[in-house]
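The values are calculated or read from the model by the stated rules, or taken from the named source; none is laboratory data. Everything numeric here is computed off the predicted structure, so don't read it as measured data. In this analysis, Cβ positions are derived from the backbone assuming ideal geometry, glycine residues included, and neighbour counts consider all displayed protein chains. Remember, those area values only see protein heavy atoms, side chains included, never the ligands or the DNA or RNA. Shrake-Rupley method; radii C 1.70, N 1.55, O 1.52, S 1.80 Å.
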Amino acid sequence: MKRVTILFVAFALVAAACGGGDDGEDSGGTTQETDAGADSTTTTAAPAEPAAEGGGGTLTVGLFQEPDNLNPFLAVQTASRIVRDLVLEGLVDADPDGNYISELAEVPSVANGTISEDGLTVTYNLVDGITWSDGDPFTSRDVQFTWETVMDPANAVTTQLGYEDIASIETPDDQTVVVTYTKLYSPALSLFSIPESILPAHVLEGQPFGEAEFNRIPEGTGPFMVTEWNSGQSIILDRNPNYRDPSSPKLDRIIFTIIPDQNAGIAQMRTGEIDVFWNVDSAVINEFDGMDGVTVQVTPSSNVEYLGLNLSSGSDPATPHFAFGDPNVRLALAMAIDRTPIIEDLLFGLSEAATSPIGLGWAAPEGLSNPAYDPDGAMALLEESGWVDSGDGIREKDGQRLTLEITTPTGQQVRELTQQVLQEQFKAVGIELTINNVPAATLFGNWAENGKLQRGDFDIAMDTWGPDLDPAGFLGILFNSESIPQDPGGQGWNFFRLQSDRLDAAIEEGASTLDIEARKAAYRTAVEEILDAGVYIPLYKRSKLDAFSDSVSGQAPNPWGELTWNAKDWTIDN
Amino acid sequence: MKRILQAVPLLVGISLVAFILLQLTPGGPTAAYRGIANIRGEDLARIEADLGFDQPMFVQYFNWLGRFVQGDWGISFVARRPVFGLIMERLPATLLLMASGIIVSLLIAVPLGLLAAIKRDTWVDHTLTFASFVGLSIPVFWLGLMLIIIFSVWLGWFPSGGMVPPGEEGVGILTRIRYLTLPTVAVSMVSLSFFTRYLRASMIETMDEEYMRFNKARGLPPTRRYMKHAFRNAGIPFVTVIAIHIPEFLVGALVVETIFTWPGTGRLFFDSAIRFDYPVLMGVLVLGSLMVLVSNLLADVLYAKLDPRVRFD
C-alpha cells in the first residue's frame, strides 16, 4: 500500500508540473504571493528606506570583506576597523596630515606638562560629559580596565606591544589617567587609540573576553551604534542618541552590506543598491569611468608595493643566495625596472612611484630617488659579475642560469600583470623570471606552517606593506636583524634576511627618544641603509580607492584613518 | 539501523582525514595577522598557544573530536564565536537554496525527460539533448556571472546578490522569490540537465521492454501506457538518482552562494577556507559528509520501498 501512496505522490507532482506551467514554482503559495504582492510596495531594485527619524537618511556601504569581529584587540581585518571606527573611540585620533587630535582625551604633550621630560609618564585629561551609548558615563576606570584586559594572559589579544611597557595606570579622579612606563615607548600616543580603542569596563568586566557579545555588538562612545548583524549579509548601525554632539551624526543609519565580489559591487553601485563601495580593486577601477553619479575617492596610503629579494639560499642567513649574494645583481635588477608602464597602464595613473619604505608621514625622508631605469647599465653590471649570455638570451655563470622565481598571493590581477611586465623587462637584460604565486596563507604562513617567506623558499617576493603613523614597529619587524625568521620561535618578517649593524642601531635610536627631529634623522639613516642594501625595491605607492555616489557628501580622504573616519559628518541627499 | 551505525566510524574517518589534510596544507590561520606591524613573534606564539596550535597534530585532533561528540564544535578563530552557532545561523539559507534548486530542477526535468523519451529521435528530442548537454557543460560560476550581468545589471529585473534587502523589515514572499530566482537558476542548471538525460534514458529502456510492446499491442491508450506503466517503472531508479544527487546541490551551493553573496554555509566554508579557520571548516565538512551519508541512506531506503524485489534484512 505504501508503494502505491508514494507513486501517487510522484504522479501528483508530475501532474502539477505539467498542468501548472512556468508559474507553478511554489504550488500552494499562490495566495500568499498575492497577499504579499498587495502589501509590498517595493517592486523596483532599489532598497526600501526605513522611515527616517531625523530626516538624515540611510547610507549603504558595500564591504567586500565581512569583519571578523568588532573587538579592536581581537580583530585583524581592515573591514572590522571600517565598522567599529563609527562605534568605538580612542583617547586620541589622527587627522589627514598625521597629527594627533583629541577624541576622548586632550592630546598630551611635553609642552603643557602632560608628558614628562623623560617620556615615561603620560597624563590624559579626559573630555567632560562623554557617555557610552547606554548612558553610563565614560571614566578613567575604562582606560585602566582596557590595559588590564590587554595584559590578562587569559585573553588572546592580537598584540601587547607597548602595553607591556606600562608599569601602572593610576586614576586620581574620574577625568584623569596617569600612565607610567617602565621604559620609553616612542609611539606611546598611539596606544589606546590607533588602531585600538577604549573598552567599556561596565559591560565587559567579568565577561569571557574571547566570546563576549561585545565582540559583535559593541557598546561604544562613538556617533553610531550597532543594532543588527546578519552574518554574511549586513551590519546595521543607527545613530547613537547619547552621542556628545547632538548635531552629529547627520545620517540616521548606515548599512554595511557584504559583497565579496568586486564585479558584484560595481554592479550594485551602478544600480544604486549601494551608495559607497569600499576599496575598489585598481584592476577594475576603469569600470567607473563614465559611470553617471559616481566619483572615485583616491586616498594616498603609506603602503608601498615593493619587491623583496632573498639574500640567503633558503632560510639560513649564513649561506648567500646564488645571485643576490652579489650586490651588482641586486642593483642590476633595480636598474632593469621601468615603472612608467606599470603606473600609467596598469594603475591608470592613480598611483605614484615609491622611493622609500616610509613614503608618507612625518618620518618619510624627502629627496630620495630610485636607481635610474638603465637596461644597458644593468647588463654591464651583470657582465662585470660574470653573468654572460648562455646563447638563448638568458645569462649564466658557472653553469647556473640566471633564473629567478617571483611570488605573491594569488588572485590579485594588478600584481599578476605587473609580474608579466617585469618578466619582459628582466628578460631584456638577460634575467629569466618565473612566476609562482601561492595563496596568501601559504605565502605568509608561519615557520611551523612552512610559510614560503618564513622558510626563505623564494627569490623575489612581491608584497605591500607600510608604516603606521609611528614607523617604529614597522621598521623593527621588517628590517631589524632580530626579526630574521628562523627555527624555533623566530617569527619576525625580515624575510630579506638582511643583517646590518648600522640599520639595527638606527632603528633602535629612532625608538629611544621622543625628540621628533632626532627620530627623523635616525629613520632617514635607516631608510638609506635599507635602500643601499638593494634588497627592498620600491615600486609604487598604493592608493586606496573608494567609490562614492554623488548623493553622498562630507567624506574626506585620510591616509591615517579608514574610510569611515569622519562618517559622522557625512550626509546623503536622496 | 545497522546502516546508521555503520555511518558513525565512516564519519570519524572522514573527519580524521579532513583534519590531517587541513593541517598538512601550507599556511595557517595566523597568516591573517601578517601585515600588522604591531603583532610580533611573541604575540603570535602567545595566540597560538592559547588556540592550542602548539600541540602535536593528533593531540589537537582528539581534543577536537572529544569536544565535538559532546556538542562543543569549538570557537572560530576569526569570528571568535562558537562554530555550531555560526553554522546553524547559515544552514537555513543553504537548505532553502538547495530545496528550491531541487524542486525547480525536478519540475522542469521530469516533463522534459518524459517528452524527450516519448518523442524520441524527433527534432524535439534532438533539441532537448543539445540543450541538456549545453546545460551540463556550463561552468556554474560563469553562468552565475552571466545571469547577474543580463538580469540585474542590464535588465534590472532581479537583485544581483543577497537574500533579503539589507535593513528592511518584514520582507514579503514576492521579494524573497526575487532574491532567490537567479541563485536557483544557477544552482539547478547542471542537475536539471542531468535529470532530463537520466529520465529520458530510463524511460526509453523501460519502453523497450516486452510488456510495453504487449501493452501497445493490446491497444492501451498512449497516456496510460507512458504514465502508468513506463514512468512508474522508470521512476524507481530515477528517485534513487535524485537522492544520491542531493549532495551535488550542496557543492553547487558552495559556488553559487559565493557569487550571489548568499549567506549560507557554502560561503561560510569558502570564507573560512581563505582564512584557515580550522574549527569552522571541520564543522562544515562533517555536516556536509553527514548530508551525503543521509542522502545515500535515503536513496537505499526509497529504492527498497519502491521496488518490491529489493529487501534489506
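Yes/no per residue for (1) more than 24 Å from the chain's Cα centre (by Cα); (2) under 17 Å from B:F249 (Cβ atoms); (3) assigned to a helix (DSSP H, G or I):
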site	(1), (2), (3)
B:V104	no, yes, yes
B:H126	yes, no, yes
B:S152	yes, no, yes
B:V171	yes, no, no
B:I177	no, no, yes
B:T181	no, yes, yes
B:V185	no, yes, yes
B:F194	no, yes, yes
Exercise. For B:F276, work out the one condition from (1) at pLDDT 75 or above; (2) more than 10 Å from chain A (Cβ to nearest Cβ); (3) open to solvent by 20 Å² or more (accessible area, probe 1.4 Å) it doesn't fulfil.
Key: (2)
Quiz item: Taking segment A:450-478, which residues are over 17 Å from the mean Cα position of the chain (by Cα) and open to solvent by 30 Å² or more (accessible area, probe 1.4 Å)?
Solution: A:N450, A:R455, A:D457
Quiz item: Exactly one of (1) surrounded by 22 or more Cβ atoms within 10 Å (Cβ to Cβ); (2) touching a Leu at 6+ places or on another chain (Cβ under 7 Å); (3) not aromatic (F, W, Y) is unmet by B:R232. Its number?
Solution: (1)
Quiz prompt | Meets criteria (assigned to a loop (DSSP other than H, G, I, E, B) and open to solvent by 40 Å² or more (accessible area, probe 1.4 Å)) for A:W447 | solution = no
Self-check item: Any hit, segment A:549-556, residues being out of contact with any strand residue (DSSP E or B) (no Cβ under 6 Å at 6 or more places or on another chain), in contact (Cβ under 8 Å) with a residue 60 or more places away in the chain and within 14 Å of another protein chain (Cβ to nearest Cβ)
Solution: no
Practice problem: Of all residues in segment B:146-160, count the ones that are facing chain A (nearest Cβ under 7 Å) and either touching a strand residue (DSSP E or B) at 6+ places or on another chain (Cβ under 8 Å) or open to solvent by 60 Å² or more (accessible area, probe 1.4 Å) (or both). | Solution: 0
Practice problem: Determine which single condition A:N112 fails, assuming it passes every other condition in (1) buried (at least 18 other Cβ atoms within 10 Å of the Cβ); (2) at pLDDT 85 or above. | Solution: (1)
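Out of all the residues in segment B:67-87, which are more than 9 Å from chain A (Cβ to nearest Cβ) and either open to solvent by less than 70 Å² (accessible area, probe 1.4 Å) or of a type in the set (D, E) (or both)?
Here is the first cut: in segment B:67-87, the ones more than 9 Å from chain A (Cβ to nearest Cβ) are B:67-74, B:83-85, B:87.
Across segment B:67-87, the qualifying residues are B:F68, B:G71, B:D72, B:W73, B:G74, B:V83, B:G85, B:I87.
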Self-check item: Filtered residues of segment A:324-338 (kept if open to solvent by 30 Å² or more (accessible area, probe 1.4 Å) and closer than 30 Å to A:E287 by Cα)
Solution: A:D338
Quiz item: Which residues, counting only those in segment A:261-281, are touching a residue at least 60 places away in the same chain (Cβ under 8 Å), part of a helix (DSSP H, G or I) and polar (S, T, N, Q)?
Solution: A:Q262, A:Q268, A:T271
Exercise. Tell me, please, whether a residue that is modelled with pLDDT of 90 or more, surrounded by fewer than 20 Cβ atoms within 10 Å (Cβ to Cβ) and more than 30 Å from B:F260 (Cα to Cα) can be found in segment A:249-265.
Key: no
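So that you can scan it fast, the table gives a plain yes or no per residue for (1) within 30 Å of B:I75 (Cα to Cα); (2) of a type in the set (A, V, I, L, M); (3) in the same structural domain as B:Q60 (by TED's automatic domain parsing):
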site: B:R224; (1), (2), (3): no, no, no
site: B:A234; (1), (2), (3): no, yes, no
site: B:F238; (1), (2), (3): no, no, no
site: B:H245; (1), (2), (3): no, no, no
site: B:G264; (1), (2), (3): yes, no, no
site: B:R275; (1), (2), (3): yes, no, no
site: B:A299; (1), (2), (3): no, yes, no
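This table checks each residue for (1) more than 13 Å from chain B (Cβ to nearest Cβ); (2) under 30 Å from B:L22 (Cα atoms).
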position: A:W387; (1), (2): yes, no
position: A:G391; (1), (2): yes, no
position: A:T403; (1), (2): yes, no
position: A:T407; (1), (2): no, yes
position: A:V414; (1), (2): yes, yes
position: A:F426; (1), (2): yes, no
position: A:P439; (1), (2): no, yes
position: A:G445; (1), (2): no, yes
position: A:G451; (1), (2): no, yes
Exercise. List every residue pair whose Cβ atoms sit under 8 Å apart, with the two residues 6 or more apart in sequence or on different chains, where the first one lies in segment B:256-268 and is crowded, with 24+ Cβ neighbours inside 10 Å and the second, anywhere, is aromatic (F, W, Y).
Key: B:V256/B:W262; B:E257/B:F270; B:I259/B:F141
Quiz item: Do we find that A:V143 is crowded, with 22+ Cβ neighbours inside 10 Å, part of a strand (DSSP E or B) and modelled with pLDDT of 90 or more in this structure?
Solution: no
Quiz item: Out of segment A:456-491, which residues are facing another protein chain (nearest Cβ under 10 Å), farther than 23 Å from A:A364 by Cβ and assigned to a loop (DSSP other than H, G, I, E, B)?
Solution: A:D457, A:P485, A:P488, A:G489, A:Q491
Quiz item: Scanning segment A:388-406 for residues that are without any contact (Cβ under 8 Å) to a residue 24 or more places away in the chain, assigned to a strand (DSSP E or B) and out of contact with any Gly (no Cβ under 7 Å at 6 or more places or on another chain), which turns out surrounded by the most Cβ atoms within 10 Å (Cβ to Cβ)?
Solution: A:E396
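This table checks each residue for (1) open to solvent by 70 Å² or more (accessible area, probe 1.4 Å); (2) in contact with a strand residue (DSSP E or B) (Cβ under 7 Å, 6 or more places away or on another chain); (3) β-branched (V, I, T).
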position	(1), (2), (3)
B:T129	no, no, yes
B:G135	no, no, no
B:V164	no, no, yes
B:D208	yes, no, no
Quiz item: With B:A49, B:A37 as the choices, which residue is closer than 30 Å to A:E482 by Cβ, modelled with pLDDT of 80 or more and either part of a helix (DSSP H, G or I) or within 7 Å of another protein chain (Cβ to nearest Cβ) (or both)?
Solution: B:A49
Exercise. Starting from segment A:518-529, keep only residues that are farther than 12 Å from A:W362 by Cβ, then list their pairs with residues that are open to solvent by 60 Å² or more (accessible area, probe 1.4 Å) and β-branched (V, I, T) whose Cβ atoms are within a distance under 8 Å, requiring at least 6 positions of separation or different chains.
Key: none
Quiz item: Is segment A:219-229 home to any residue that is open to solvent by less than 10 Å² (accessible area, probe 1.4 Å), more than 24 Å from the chain's Cα centre (by Cα), of a type in the set (G, A, S) and farther than 30 Å from B:G144 by Cα?
Solution: no
Quiz prompt | Answer from B:A18, B:A49 - the residue that is in contact with a helix residue (DSSP H, G or I) (Cβ under 6 Å, 6 or more places away or on another chain) and either closer than 30 Å to A:I194 by Cα or small (G, A, S) (or both) | solution = B:A18
Practice problem: Give A:I166, A:I82 a once-over and let me know the one that is farther than 29 Å from A:S512 by Cβ, away from chain B (no Cβ under 14 Å) and among the aliphatic types (A, V, I, L, M). | Solution: A:I82
Self-check item: Subset of segment A:282-322 (residues that are more than 30 Å from A:L443 (Cα to Cα), away from chain B (no Cβ under 13 Å) and free of Cβ contacts under 8 Å to residues at least 40 places away in the same chain)
Solution: A:D289, A:G290, A:D292
Practice problem: Would you mind telling me which numbered condition in (1) within 11 Å of chain B (Cβ to nearest Cβ); (2) modelled with pLDDT of 50 or more A:G37 fails? | Solution: (2)
